[in-house]
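Shown next, in structure tokens, is the structure this report addresses.
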Amino acid sequence: SSDARLTRKLLLDFDGIWRRAFESGYGPAVLVDVATALQKGVPAAAQAAARDVCRMLRFFAHRINGPEGMTILDAALQSPTDTLVHHAARKVARTLGRPFTVMTLPKEEW
């Protein structure tokens, strides 16, 4: 459905909504909202994206915009390569002309 496509697009918008949420200090609150929505029922076509985003943010949220200088895009690029998060992040990095090195975690650690 169009709702599911829009939800998935928003969930995987690492240079837009997520970047702004973390830069303004609301990233963790938005993560809680996404996790709550996932429990209450995200459109089926967006569930995999919502699960991937929640896992990635639970793992990296404390490092994003912290002393290490990790961005939400950096975190997404370090997600396992077989996830929607990682594929979306690579697309964003290419669009921005941003070089990146893929240093992903094994999926069992994520």
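The values are calculated or read from the model by the stated rules, or taken from the named source; none is laboratory data. What you see is a predicted model, and the numbers here were worked out from it, not measured in a lab. Cβ placement follows ideal geometry from the backbone for every residue including glycine, while neighbour counts extend to all protein chains displayed. Note: accessible area is taken over every heavy atom of the protein model, side chains too, but ligands, DNA and RNA are not part of it. Shrake-Rupley method; radii C 1.70, N 1.55, O 1.52, S 1.80 Å.
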* **Per-region count, segment 78-94, residues more than 18 Å from Thr7 (Cα to Cα) and at pLDDT 90 or above** => 3
* To do: Could you please find all residues in segment 1-41 being in a helix (DSSP H, G or I), in contact (Cβ under 8 Å) with a residue 12 or more places away in the chain and surrounded by fewer than 12 Cβ atoms within 10 Å (Cβ to Cβ)?
  => Asp3
* Taking only segment 58-86 into account, find how many residues are of a type in the set (A, V, I, L, M, F, W, C) and touching a strand residue (DSSP E or B) at 6+ places or on another chain (Cβ under 8 Å). => 5
* Asked: Filter segment 42-68 for residues that are of a type in the set (A, V, I, L, M) and either modelled with pLDDT under 85 or open to solvent by 30 Å² or more (accessible area, probe 1.4 Å) (or both); which is nearest to Thr81 (Cα to Cα)?
  -> Ala48
